[in-house]
Amino acid sequence: MFLSELYRYPVKSGQAQCLQACAVDPLGLSGDRRWLVVEEDNGRFLTQRAWPQLSQLKASVSEAGALLLETPGQAPVQVAVPPADEGLRGVTLWRDTLRVPDAGDEAAAWLSQLLGKPVRLVYCPEQRARYLPSGYGLNSDRAAFPDGFPLLLIGQGSLDELNRRIGRPMEMLRFRPNLVVQGAAPFAEDGWKRIRIGGLQFRVLKPSVRCIFTTLDPATGARSPDREPLTTLKSFREKEGDILFGQNLAVDGSGRLAVGMEVEVLE
């Protein structure tokens, strides 16, 4: 088994960056979902579920962590990482509330133009990251702005089996993984507890619960009229009301991942 694909999402709900290699820190892939778009008036987070325009948001991260935002019809804008303790804004992400630095008026104006409503861009420094949902991981495990966990892994075999059942190909990016593993049987990852990739060890914390987001075309934001792949997933991957696909992980330590690295199941 080997790591066949590596993705990060610099801005939550924006486009994926397909990487050949990436540094890893305690929050997951370096630069992954460290930025978040929120409503200006109340700090609630925005995603493609209600704002499909975010599917057209291309974001890339420099070695220093600065953010470059691009979208058709607007001039690109570069956003510096704001100081960790200045310009703090209260934001809400699902059940979590936290105070994180605002990225400034230029980024806010640019994103407000894209979405057609007043929004702000905020950043999550490591010292302001959220703790994981109660009952999962270690007390020291934290995450920036993913829905709940630092990393998401999906086996290529699992997607291949899902596509076979649907009868047409679904893109891996509908599921927004960080790590894709080639060479395992369909849904083998459901039985893993600890794995090693390169020099890093990862703990498998819980299955990923899937939602309507998976029915959005990752290139256009258009919704599938037949609600695929969620419809087929529901027929064989539903457990206690949750539709499951992929596994959430936490990482022990820091290091680097690269496509092609061997994946070893430790437990």
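The values are calculated or read from the model by the stated rules, or taken from the named source; none is laboratory data. Source: prediction; values computed, not measured. Here Cβ is always computed from backbone atoms with ideal geometry, including for glycine, and neighbour counts include all displayed protein chains. Just so you know, the surface numbers come from the protein's heavy atoms only, side chains and all, with ligands and any DNA or RNA stripped out. Shrake-Rupley method; radii C 1.70, N 1.55, O 1.52, S 1.80 Å.
The listed residues are 187, 175, 145, 149, and the only one of them that is free of Cβ contacts under 8 Å to residues at least 60 places away in the same chain and either open to solvent by less than 60 Å² (accessible area, probe 1.4 Å) or over 16 Å from the mean Cα position of the chain (by Cα) (or both) turns out to be 187.
Among the criteria (1) touching a strand residue (DSSP E or B) at 6+ places or on another chain (Cβ under 7 Å); (2) not in a loop (DSSP other than H, G, I, E, B), the one residue 75 does not fulfil is (1). Can you name the residue in the stretch 190-232 that is at pLDDT 95 or above and among the basic types (Lys, Arg) and, of all such residues, is surrounded by the fewest Cβ atoms within 10 Å (Cβ to Cβ)? If we take residues in the stretch 190-232 being at pLDDT 95 or above and among the basic types (Lys, Arg), then 193 is surrounded by the fewest Cβ atoms within 10 Å (Cβ to Cβ). Are any of the residues in the stretch 37-52 crowded, with 20+ Cβ neighbours inside 10 Å and of a type in the set (Lys, Arg)? Scanning the stretch 37-52, I find no residue that is crowded, with 20+ Cβ neighbours inside 10 Å and of a type in the set (Lys, Arg), so the answer is no.
Considering each of 80, 23, 16, 84 in turn, give the residue that is among the small types (Gly, Ala, Ser) and touching a Lys or Arg at 6+ places or on another chain (Cβ under 6 Å). Only one candidate passes the filter, namely 23. Annotation note: of 121, 111, 68, the sole residue that is modelled with pLDDT of 95 or more, part of a helix (DSSP H, G or I) and either open to solvent by 30 Å² or more (accessible area, probe 1.4 Å) or within 22 Å of residue 7 (Cβ to Cβ) (or both) is 111.
Annotation: of all residues in the stretch 224-248 being within 22 Å of the chain's Cα centre (by Cα) and hydrophobic (A, V, I, L, M, F, W, C), the one that is nearest to residue 201 (Cα to Cα) is 245.
Rundown of residues vs (1) touching a residue at least 24 places away in the same chain (Cβ under 8 Å); (2) more than 24 Å from residue 70 (Cβ to Cβ); (3) over 19 Å from the mean Cα position of the chain (by Cα), yes/no style:
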| site | (1), (2), (3) |
| --- | --- |
| 96 | yes, yes, no |
| 110 | yes, no, yes |
| 116 | yes, no, yes |
| 121 | yes, no, no |
| 126 | yes, yes, no |
| 131 | no, yes, no |
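In the set (1) at pLDDT 95 or above; (2) open to solvent by 60 Å² or more (accessible area, probe 1.4 Å), the condition left unmet by residue 134 is number (1).
Residues that are of a type in the set (S, T, N, Q) and not in a strand (DSSP E or B) were ranked within the stretch 12-30; the one that is farthest from the chain's Cα centre (by Cα) is 20. Taken over the stretch 152-194, the criterion of being closer than 23 Å to residue 9 by Cα and of a type in the set (A, V, I, L, M, F, W, C) is satisfied by 152, 153, 154, 159, 170, 172, 173, 175, 179, 180, 181. Return yes when residue 83 is without any contact (Cβ under 8 Å) to a residue 24 or more places away in the chain, within 17 Å of residue 105 (Cβ to Cβ) and loosely packed, with under 13 Cβ neighbours inside 10 Å and no when it is not. Spelling it out, residue 83 is indeed without any contact (Cβ under 8 Å) to a residue 24 or more places away in the chain, within 17 Å of residue 105 (Cβ to Cβ) and loosely packed, with under 13 Cβ neighbours inside 10 Å. Taking the stretch 1-36 as the range and being among the aliphatic types (A, V, I, L, M), open to solvent by 10 Å² or more (accessible area, probe 1.4 Å) and more than 16 Å from residue 201 (Cα to Cα) as the test, the residues that pass are 16, 19, 21. For the stretch 78-108, the tally of residues that are part of a loop (DSSP other than H, G, I, E, B) and either closer than 19 Å to residue 59 by Cβ or touching an Asp or Glu at 6+ places or on another chain (Cβ under 7 Å) (or both) stands at 7.
Determine whether residue 191 is small (Gly, Ala, Ser), closer than 21 Å to residue 30 by Cβ and in the same structural domain as residue 246 (by the TED database).
On the way: small (Gly, Ala, Ser): yes; closer than 21 Å to residue 30 by Cβ: no; in the same structural domain as residue 246 (by the TED database): yes.
It is false that residue 191 is small (Gly, Ala, Ser), closer than 21 Å to residue 30 by Cβ and in the same structural domain as residue 246 (by the TED database).
For the stretch 240-267, how many residues meet the condition of being free of Cβ contacts under 8 Å to residues at least 24 places away in the same chain and of a type in the set (Gly, Ala, Ser)? Residues that pass the stated criteria total 1.
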